[in-house]
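The values are calculated or read from the model by the stated rules, or taken from the named source; none is laboratory data. Since this is a predicted model, take the numbers as computed values, not measurements. FYI the Cβ positions are ideal-geometry reconstructions off the backbone, even for glycines, and counts take in every protein chain you see. Only protein heavy atoms, including side chains, enter the accessible area calculation; ligands, DNA and RNA are left aside. Shrake-Rupley method; radii C 1.70, N 1.55, O 1.52, S 1.80 Å.
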Amino acid sequence: MSTEEKSLNFIEQIIEEDLKNGLSGDKLRFRFPPEPNGYLHVGHASAICLNFGLGIDYNAPVNLRFDDTNPAKEEQEYVDAIKRDIEWLGFQWSKECYASDYFQQLYDWAVEFIKAGKAYVDSQSSEDMAIQKGTPTTPGTDSPFRNRSVEENLDLFERMKNGEFPNGTHILRAKISMGANNMLMRDPIMYRILHAHHHRTGNDWCIYPMYDWAHGESDYLEQISHSFCTLEFLPHRELYDWFLDQVYDVTKVRPKQREFARRNLSHTVVSKRKLLQLVEEKHVTSWDDPRMSTISGMRRRGYPPMAIRNFANTIGIAKRTNLIDVSLLEFCVREELNKTTPRVMAVLNPVKLVITNYPAGKEEILDAENSQEDESLGYRKVPFSRELYIEREDFQEEANKKFFRLTLGTEVRLKNAYIIKGESVVKDTAGNIMEIHCTYDEDSRSGSGTEASQRKVKGTIHWVSINHAIEAEVRIYDRLFTHENPDGDKDVDFKEYINPNSLEVIKGYLEPSLASAKNGERFQFQRLGYYCVDNDSSAQKLVFNKTVGLRDTWAKVESKE
């Protein structure tokens with residue numbers, strides 16, 4: 001990687017410094033190590049883009065390693081979802097690994113620790129251990145079991161492994177120092193008894209390694225050169241290094257842990273526990289609900305993978321935790337979709353428009369461009385007839401000079417079609433407009449080359465032919481939380497900020513070209529926003545999700561507030 005190509009973030013500077021100090025480039029290896037206890041979210045997306053991006057930049061392998069050391073919360077469903085999300089983002093791992101691959105080696109090392117007097121079995125209750133651990137300002141006190149003999153420790157540890165004891169009766173602790181300033185170094189737990197079925201190893205094990213013990217040693221076994229994690233693991237680095245010191249062979253690569261700050265996203269939560277709570281309490285429909293901050297939720301909503309990658313690159317890597325406005329993510333989504341999605345017409349709040357001087361029974365097929373950005377996307381055929389739907393917001397009986405859409409006595413152009421003039425309205429007994437009557441200039445058809453077709457009018461509106469329109473369910477999504485930082489007020493349950501209007505389901509009318517739209521396909525509904533076909537769609541019923549609007553409407557709302 002050439003340092004002249006771009007300015008380096010502090011993570012890249014660490015790697016460059018290590019290479020200058022003798023680390024061979026072919027020894028670089030990175031990893032992404034999720035725990036399969038939930039679906040990945042937008043925070044994980046940044047970590048994925050960091051590690052796999054480094055792999056691309058340095059032409060180095062990147063392992064996908066599942067930190068599957070807690071069978072009580074982990075499932076194969078989550079493993080499959082994580083793999084699907086990473087592949088969807090456009091990345092491919094070098095090796096698929098699991099912490100459970102190393103259970104026997106970790107156990108064997110733990111036995112060596114016991115023999116060397118560096119680990120012991122503690123039989124205290126968790127309450128007693130919490131008391132004797134001390135505080136950040138006062139040292140801990142030794143466990144009464146800290147000086148058990150090697151023989152007794154080996155016997156108890158083997159019996160723990162063999163399943164002879166119930167959960168919670170014994171743990172294995174590293175023997176470091178109960179007086180250490182870093183409380184994580186005060187004889188940390190290495191193993192606990194857990195009688196639970198593991199999604200890979202079944203019932204082979206009754207003891208499971210703790211994260212701090214398994215993680216660094218797994219990095220070492222895989223010969224990971226750089227282990228990047230979020231800032232809350234900074235206090236764990238000392239323990240990470242201590243465990244490595246006990247097994248390190250100088251002929252091998254020694255992993256280096258370094259930390260970067262979380263980049264939290266406004267109007268969301270990213271805690272797996274809280275996301276699970278939203279699912280289980282049915283505040284959302286599922287992990288892939290389009291309002292969720294999960295990668296699968298963003299995929300279902302219609303976010304393109306490159307937009308998420310661009311977002312991760314835009315916010316970059318920092319040393320301090322920061323709250324990123326979700327509008328920046330939406331900007332990246334909008335920017336990507338603008339380049340890649342075909343344009344179509346849909347009416348979501350319809351009012352009937354009748355062209356009174358258009359021949360009854362006549363129908364035309366008009367050409368409409370699929371993209372104003374990419375001519376290679378060509379044209380599609382759109383049917384036109386006497387009776388159309390237009391957006392109710394595109395008509396006012398009386399309007400000020402800044403209203404450039406349809407009013408009585410004024411002209412607008414129907415997109416890809418004719419210039420029309422508002423003439424009259426038909427209302428129900430309550431005064432609601434049921435129909436708008438207009439006339440058209442039959443020589444003004446777009447693209448016809450006539451002088452009338454070149455006439456300039458102030459507004460252009462979209463439409464669909466009523467006789468040809470396809471009905472669809474359209475799901476309008478908004479931000480799941482009304483507060484920009486729902487976790488910010490520790491005295492208030494984050495669920496108090498759930499937006500009751502985060503989902504509106506309406507009936508829309510679409511041009512017939514969308515009849516064959518497939519699940520996941522994305523479109524720009526002209527003048528309305530970007531939409532994608534939802535998984536719930538079928539041949540009998542189309543369902544569209546609103547991905548993002550054409551502009552940031554929240555910015556206007558917040559500026560008024």
- Query: Can you give the FRET efficiency for Asp491 and Val150, using 1/(1 + (r/R0)^6), R0 = 56 Å, r = Cβ-Cβ distance, to the nearest 0.05?
  - Reply: 0.65
- Note on the structure: Cross-link reach from Lys495 to aspartates and glutamates, straight Cα distance under 12 Å and at least 8 residues apart if same chain, gives Glu281, Asp487
- Query: Say a paramagnetic label sat at a point 7 Å from the Cα of Phe404, along Cα to Cβ; which residues of segment 438-460 have their backbone N under 11 Å from it?
  - Reply: 457-460
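For the pairs Lys73/Lys118; Lys118/Lys256; Lys362/Lys458; Lys421/Lys507, flag any whose C-alpha to C-alpha distance is greater than 25 Å.
Working: Lys73/Lys118 30 Å; Lys118/Lys256 23 Å; Lys362/Lys458 28 Å; Lys421/Lys507 27 Å.
Beyond 25 Å: Lys73/Lys118; Lys362/Lys458; Lys421/Lys507.
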- Message: Quick check: Cα centre of segment 394-439 to Cα centre of segment 147-210, how many Å?
- Response: 76 Å
- Reduced Cα scattering model of segment 81-140, Debye log10 I(q)/I(0), q = 0.17, 0.26 Å⁻¹: -0.81, -1.07
- Message: Taking θ = phi - 60°, what integer Hz values does the Karplus form 6.51 cos²θ - 1.76 cosθ + 1.60 yield along segment 331-343, in sequence order, with x for Gly and Pro?
- Response: 4, 5, 5, 4, 5, 6, 5, 4, 7, 10, 9, x, 8
- Fully extended, how many nm does the chain gain between Glu164 and Leu231 (0.36 nm per residue separation, minus their Cα-Cα distance)? 20.3 nm
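Provide the FRET efficiency to the nearest 0.05 for the Thr482-Asp57 pair, computing r from the beta carbons and using R0 = 41 Å.
Working: r = 39 Å, r/R0 = 0.96.
Given R0 = 41 Å and the Cβ-Cβ separation, E is 0.55.
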- Note on the structure: The extension gain from Thr201 to His437, computed as 0.36 nm times the residue separation minus the Cα-Cα distance, is 77.8 nm
- Note on the structure: Filtering trypsin sites (Lys or Arg not before Pro) in segment 1-102 by DSSP loop and by at most 14 other Cβ atoms within 10 Å leaves Lys6, Lys95
- Near-label residues of segment 377-399 by backbone N, under 12 Å of a point 7 Å along Cα→Cβ of Glu364: 382-386
- Message: For a quick check of your reading of the filter: which trypsin sites (Lys or Arg not before Pro) in segment 211-275 sit in a DSSP loop and have no more than 12 other Cβ atoms within 10 Å?
- Response: Lys252
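What are the semi-axes of the equivalent ellipsoid of segment 1-128, taken as the square roots of 5 times the eigenvalues of the Cα gyration tensor, listed largest first and rounded to whole Å? Spell out each step's value before the answer.
Working: eigenvalues 209, 103, 37 Å².
Listed largest to smallest, the semi-axes of segment 1-128 are 32, 23, 14 Å.
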- Message: Can you give me the solvent accessible area of Trp242 with a 1.4 Å probe, rounded to the nearest 10 Å²?
- Response: 50 Å²
- Viscosity 0.890 mPa s, 25 °C: Kirkwood-radius Stokes-Einstein D of segment 168-259 over Cα pairs, µm²/s: 170 µm²/s
- Considering only protein heavy atoms, with the full assembly of protein chains and a 1.4 angstrom probe, order Met185, Met210 by accessible area, largest first. Met210, Met185
- Accessible area (Å², per residue) of segment 285-407, counting only protein heavy atoms and a probe of 1.4 Å: 47 Å²
- Give, in whole angstrom and from largest to smallest, the semi-axes √(5λ) of the equivalent ellipsoid of the chain, with λ running over the eigenvalues of the Cα gyration tensor. 61, 24, 20
- Query: By average Cβ neighbour count within 10 Å, what is the ranking of 35-45, 404-414 from highest down?
  - Reply: 35-45, 404-414
- Query: Straight-line reach from Lys339: which aspartates and glutamates have Cα under 18 Å away, leaving out those fewer than 8 places along the same chain?
  - Reply: Glu330, Glu369, Glu373, Asp374, Glu375, Glu521, Asp552
